[in-house]
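Encoded as structure tokens, the structure appears first; notes follow it.
The values are calculated or read from the model by the stated rules, or taken from the named source; none is laboratory data. None of the values given here were measured: they were computed from a predicted structure. Counting neighbours? That spans all protein chains shown, and the Cβs are built from the backbone with ideal geometry, glycine included. To get the accessible areas, we keep the full protein, side chains included, count just its heavy atoms, and leave off ligands, DNA and RNA. Shrake-Rupley method; radii C 1.70, N 1.55, O 1.52, S 1.80 Å.
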Amino acid sequence: MRSSDDAGRRLDALDQIEAIKRLKHRYWRACDAKDPVTFRASFIKSGARIDYGLLGTFDDADALTEVFCQVALLTVDGSYVIFDMHHGLHPDITLTSGTTATGRWTLQFRQINLLDWTETLMTGDYDDAYVVEEGEWKMSACIFTERWSLRRPLGDGAELHPGTFVT
Amino acid sequence: MRSSDDAGRRLDALDQIEAIKRLKHRYWRACDAKDPVTFRASFIKSGARIDYGLLGTFDDADALTEVFCQVALLTVDGSYVIFDMHHGLHPDITLTSGTTATGRWTLQFRQINLLDWTETLMTGDYDDAYVVEEGEWKMSACIFTERWSLRRPLGDGAELHPGTFVT
Amino acid sequence: MRSSDDAGRRLDALDQIEAIKRLKHRYWRACDAKDPVTFRASFIKSGARIDYGLLGTFDDADALTEVFCQVALLTVDGSYVIFDMHHGLHPDITLTSGTTATGRWTLQFRQINLLDWTETLMTGDYDDAYVVEEGEWKMSACIFTERWSLRRPLGDGAELHPGTFVT
């Protein structure tokens with residue numbers, strides 16, 4: 001028989017796992033909403049270990065955020081020219097202590113580039129680590145393993161309609 | 001130390017959040033299965049506040065269901081001509097009382113239109129509200145913010161294979 | 001008022017549902033990582049009831065795994081030629097006893113075939129059954145209902161970039 005104390009601890013653990021999922025969901029939404037503030041705040045303050053494959057390896061989220069801004073916020077004649085979909089699936093989160101956790105996810109990524117008129121479609125898996133920093137879960141490591149990607153011309157007649165972005 | 005009563009309340013809250021997620025999952029499945037009954041039943045009986053962007057703004061789910069039927073059930077020579085994917089991701093649900101809640105989601109949407117031979121791909125985020133009506137969670141508000149969409153010709157050689165639909 | 005014992009049972013049920021979700025997530029990741037061992041281990045040892053529509057009907061996961069290997073591991077001149085995305089969404093899991101459960105999911109499937117230079121995009125819903133076998137949740141039934149699929153030529157200029165696979 002479990003005590004109510006034990007139930008409280010198990011409920012706390014479930015709450016932590018949900019909080020980590022929400023962190024990742026906010027992060028992916030921020031990517032596609034062109035929101036560098038929420039993007040940056042998803043990582044620990046300093047020293048995050050990030051390996052995004054072909055996009056590069058980083059030992060701090062500031063450097064990654066710079067790359068993010070260069071791509072996501074790039075404009076030509078006042079209009080955005082690069083549009084992303086970061087859609088995260090298949091979570092598998094494991095708490096390793098009260099303030100640390102690991103996680104696996106699958107990403108479906110798409111990028112429309114109006115400059116070279118291409119579409120890139122990519123999939124792969126994340127191996128993450130998370131820590132609590134000032135009371136909130138943050139990503140401390142994010143290692144991406146690409147399974148495969150496909151790049152192709154957008155072709156004649158494609159029309160990109162930009163909607164609402166944060167910036 | 002938490003009491004067992006408190007554990008029961010927290011478990012009830014987790015159950016409610018899961019029920020809301022299942023509501024949305026049923027709704028999206030109904031969209032693509034061409035099932036207007038389940039589609040309509042996902043919303044409150046009257047007065048739902050719906051803003052689906054370019055698709056229109058509605059102050060009741062009956063009007064939205066009519067538009068859904070006009071599109072999803074459209075046939076030419078006895079065959080469906082419009083095929084959708086509504087794939088929902090990135091849930092973030094907050095209970096605001098025992099019978100009300102809010103939620104954020106990301107949508108990946110695709111539509112194949114055999115009449116004008118186009119494919120539309122779209123992504124954006126939902127800001128939802130939910131209420132319990134006659135013991136079941138329903139959508140009372142659904143506000144969609146489009147991030148971007150891409151429309152393009154299907155091109156030569158594309159073949160659409162219809163499967164099984166509810167209607 | 002619920003007893004702490006009851007809270008323990010409800011928490012156990014939530015843990016089981018999460019374990020089933022993780023099983024499916026591992027399964028889909030294994031599909032796209034070309035990992036037949038994890039693929040096979042997702043099903044019961046013998047007698048799984050599998051209906052994958054056009055891909056075939058199977059009364060054991062060994063036969064399905066053979067088909068999986070024929071497709072996913074096919075090489076020409078030492079290079080893989082078929083690349084999949086199995087992205088699962090919209091879970092709805094119901095425990096039917098301490099060791100049995102049912103589930104519904106939506107699948108977004110994509111296959112790039114470099115031999116015939118086509119892309120296939122497909123969606124549909126799973127009706128699953130799960131059982132505990134030697135202490136672990138496994139799929140005992142997996143019935144897929146296809147909604148629709150689209151096959152088209154990859155077109156000129158498409159470039160497939162293979163990443164890292166398990167085998």
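Taken over region A:110-145, the criterion of being acidic (Asp, Glu) and under 23 Å from A:Arg22 (Cα atoms) is satisfied by A:Asp125, A:Asp127, A:Asp128, A:Glu133, A:Glu134, A:Glu136. Taking B:Asp32, is it within 30 Å of C:Leu14 (Cβ to Cβ) and within 14 Å of chain C (Cβ to nearest Cβ)? It is true that B:Asp32 is within 30 Å of C:Leu14 (Cβ to Cβ) and within 14 Å of chain C (Cβ to nearest Cβ). Would you confirm whether or not region B:20-35 contains a residue that is free of Cβ contacts under 8 Å to residues at least 40 places away in the same chain, of a type outside the set (A, V, I, L, M, F, W, C), in contact with a helix residue (DSSP H, G or I) (Cβ under 8 Å, 6 or more places away or on another chain) and farther than 15 Å from B:Val166 by Cα? Taking every residue of region B:20-35 in turn, none turns out to be free of Cβ contacts under 8 Å to residues at least 40 places away in the same chain, of a type outside the set (A, V, I, L, M, F, W, C), in contact with a helix residue (DSSP H, G or I) (Cβ under 8 Å, 6 or more places away or on another chain) and farther than 15 Å from B:Val166 by Cα. Being more than 14 Å from chain A (Cβ to nearest Cβ), of a type in the set (Gly, Ala, Ser), over 18 Å from C:His90 (Cβ atoms) and touching a residue at least 12 places away in the same chain (Cβ under 8 Å) is the requirement here; does B:Ala63 meet it? Spelling it out, it is not the case that B:Ala63 is more than 14 Å from chain A (Cβ to nearest Cβ), of a type in the set (Gly, Ala, Ser), over 18 Å from C:His90 (Cβ atoms) and touching a residue at least 12 places away in the same chain (Cβ under 8 Å).
Can we say C:Thr167 is open to solvent by 30 Å² or more (accessible area, probe 1.4 Å), of a type outside the set (Lys, Arg), assigned to a strand (DSSP E or B) and more than 7 Å from every other protein chain (Cβ to nearest Cβ)?
On the way: open to solvent by 30 Å² or more (accessible area, probe 1.4 Å): yes; of a type outside the set (Lys, Arg): yes; assigned to a strand (DSSP E or B): no; more than 7 Å from every other protein chain (Cβ to nearest Cβ): yes.
No, not satisfied.
Residues that are among the acidic types (Asp, Glu), more than 14 Å from the chain's Cα centre (by Cα) and modelled with pLDDT of 95 or more do not occur anywhere in region B:37-54.
All conditions in (1) under 28 Å from C:Arg22 (Cβ atoms); (2) open to solvent by 50 Å² or more (accessible area, probe 1.4 Å) hold for A:Gly8, with the sole exception of (2). Say we look at region A:23-46 and pick out the residues that are basic (Lys, Arg) and crowded, with 17+ Cβ neighbours inside 10 Å; which of these is nearest to A:Asp62 (Cα to Cα)? Result: A:Arg40.
Considering region C:102-124, the residues that are without any contact (Cβ under 8 Å) to a residue 24 or more places away in the chain and facing chain B (nearest Cβ under 9 Å) include one that is surrounded by the most Cβ atoms within 10 Å (Cβ to Cβ), namely C:Thr106. Is it fair to say B:Pro162 is modelled with pLDDT of 95 or more and either under 29 Å from A:Asp15 (Cβ atoms) or of a type in the set (Gly, Ala, Ser) (or both)? Judged against the criteria, B:Pro162 is not a match. When the residues of region C:125-153 are filtered to those that are more than 7 Å from every other protein chain (Cβ to nearest Cβ), free of Cβ contacts under 8 Å to residues at least 60 places away in the same chain and of a type outside the set (D, E, K, R), which remaining residue is most open to solvent (accessible area, probe 1.4 Å)? The extreme case among them is C:Gly135. If the condition is being over 26 Å from A:Val166 (Cβ atoms) and either open to solvent by less than 30 Å² (accessible area, probe 1.4 Å) or within 14 Å of chain C (Cβ to nearest Cβ) (or both), then region A:78-96 contributes A:His90, A:Asp92, A:Ile93, A:Thr94, A:Leu95. Just one of the listed residues (C:Thr57, C:Thr99, C:Thr75) is more than 14 Å from chain B (Cβ to nearest Cβ), open to solvent by 20 Å² or more (accessible area, probe 1.4 Å), in contact (Cβ under 8 Å) with a residue 24 or more places away in the chain and among the hydroxyl-bearing types (Ser, Thr, Tyr), namely C:Thr99.
Residues in region C:122-142 that are touching a Lys or Arg at 6+ places or on another chain (Cβ under 6 Å) and not in a strand (DSSP E or B): 0 in all. Any residue at all in region A:90-106 that is among the hydrophobic types (A, V, I, L, M, F, W, C) and closer than 23 Å to B:Glu146 by Cα? Checked region A:90-106: no residue is among the hydrophobic types (A, V, I, L, M, F, W, C) and closer than 23 Å to B:Glu146 by Cα.
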